[in-house]
Structures are given as structure tokens and as C-alpha cells.
1. Restricting to DSSP H runs of at least four residues, report the calculated mean residue ellipticity at 222 nm for the chain, -39500 (n - 2.57) per run over all residues, nearest 500 deg cm²/dmol.
2. Which of S92, S109 has the fewest other C-beta atoms within 10 Å, and how do the rest follow up to the most?
3. So if each residue of separation counts as 0.36 nm, and I subtract the Cα-Cα distance between F37 and R202, what length gain in nm does that give?
4. Would you mind checking the radius of gyration and Dmax of region 43-169 based on alpha-carbon positions, in Å?
5. Taking the convex hull of the alpha carbon atoms in region 1-104, what volume per residue do you get, in Å³?
6. So for the chain, considering every pair of alpha-carbon atoms, how many percent are separated by more than 21 Å?
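Nothing in this text is a laboratory measurement; each read-out follows from the coordinates by a stated rule. Please read all numbers here as calculations on a predicted model, not as lab measurements. All Cβ positions, glycine included, derive from the backbone under ideal geometry; neighbour counts span all protein chains shown.
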Amino acid sequence: MHRRVAGPSGPGVLEEVALPSGTLTVLRPADPDVVAFEPVPGPGASEELHPPHWARLWPSGRALAHAVDDAGPERLAGRRVLELGCGLGLPSLAAARAGAGTVLAIDRSAAAVAWVAAAARRCGLAVGTAAVPFDRAGDGGARWDLVLAADVLYGVAAADALAALLPRVTAPDGQVWLADPGRPETPRWLAAAREVWTVTTRPLPDGVDLHVLRRP
Ligand SMILES: C[S@@+](CC[C@H](N)C(=O)[O-])C[C@H]1O[C@@H](n2cnc3c(N)ncnc32)[C@H](O)[C@@H]1O
């Protein structure tokens, strides 16, 4: 079911997403195709305009939220959960509902995290947000029990920044759950990740794989 509401930066829709433990309501732009492109730092001091990929719910985000919800309070209660490249943040909402102790959703898009914060308020869920790119995240030294990311390997620069970030933000006995729809960059990224992490992979619905990274 979809209900039209005002969003933080334009007309929005409340979309009910069916998850194993019950429906979760996500807030998204009513028409992602009319959301403005955003300036993103490019090489040197340049700026590039990037499409607002955050503005729609991707199959990987839905599938990762499903996996988080399935894991439930037995796995999530009291845990510290960080979502990277959160877009509309459905996995973060699912983690908060499952009883995670702290949830932080980050994306380089300030618009994206404003929509996540608004969705969390509407659902009465505690989800912190921050607008920060992968190459500037993790400076506070915080370590997370579970690091989530859905469909973030679609560019070499972002993929490399993510690879450098993960060891810095994941607790010694923590895990990374990376949901990916088989982007061209993924095989190279996973081959490099296996130098650092033990990686196990299982299929999720809609052609999405869940790669679980643990320290050996
Ligand atoms: C394809 S969208 C996926 C959104 C969401 N995770 C989902 O699955 O529905 C990729 C997301 O990663 C974010 N992103 C891309 N490069 C990033 C970077 N270098 N730092 C932080 N976020 C980034 C984009 O803004 C976007 O929200």
C-alpha cells in the first residue's frame, strides 16, 4: 500500500514493505525520476553531478532488510549496527525494529539521510544518520558489530573506498553483510576482499547475493 505524504525535500510516498516479522513502512520520493542530480566531489577540486541513486528502493536493499529481519532479535538485540550507502535505509529500519542497540545509517547524500531520519521518526525507531562518503567515514574510531551495505559496488572509486573503510569500522568479532545484485565490479572487489576477510555467500531473493565477511 502507498500513501502520499510530504517528504523532507519533496513529495513522498509511504510504502509498506512486507518482511518476515511484519510490515515496515519506508518513506521515499514519490517520483525518483524527478529528484535532482547532486554535486559530488570529483578528481582534484572538481565536482561532478551524480544521479540520485538513493531515491529508490533497490532489490538489494529490500533483500538485505529481509535478511536482517529474518535474523531477528536473537542476532540483533543490543548490537551496534552501521549501514553504509544506506539510500532509503530499509535495512537500518529493520535492524532498529529487531532491537539493535545502536543503528547508524550513512550515505554521501544529505538528502538520502534526511529521508531515512524522517522515516525512522514516523516509525518510532531509533536510527541515527550522517551524510558522509566512504572515504571520510570511520574517523571517530567507532567499531560496529554488524556492518550492512546494499548495492554499493557500482563504481571503482566507491568500491575501493568501501574496501579501505570496512576493516576500520568492523569490530574484531564483527561481520559485514554486503548485498549485491552482481555488479560488474563485484568479482574483482570480492577477490581483493578475500585477502583480508573470510567470505561466505548465500543467495537472497531477486538475484541478490549476500556476502558475509568475517575476519579469519
Ligand atoms: C544503488 S544505491 C543503493 C541504495 C540502498 N542501499 C538500496 O539498496 O536501496 C547506492 C547508494 O550508495 C550511496 N553511495 C555511493 N557512493 C558512495 C560513497 N562513496 N560514499 C557514501 N555513499 C555512497 C549512494 O548515494 C546511494 O544511496
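1. When only DSSP H runs of four or more count, the value is -9000 deg cm²/dmol.
2. If I rank by nearby Cβ atoms, fewest first, I get S109, S92.
3. The F37-R202 span can extend by a further 56.0 nm.
4. Spelled out, the Cα radius of gyration and Dmax of region 43-169 are 14.0, 47 Å.
5. In region 1-104, the Cα convex hull volume per residue is 119 Å³.
6. 50
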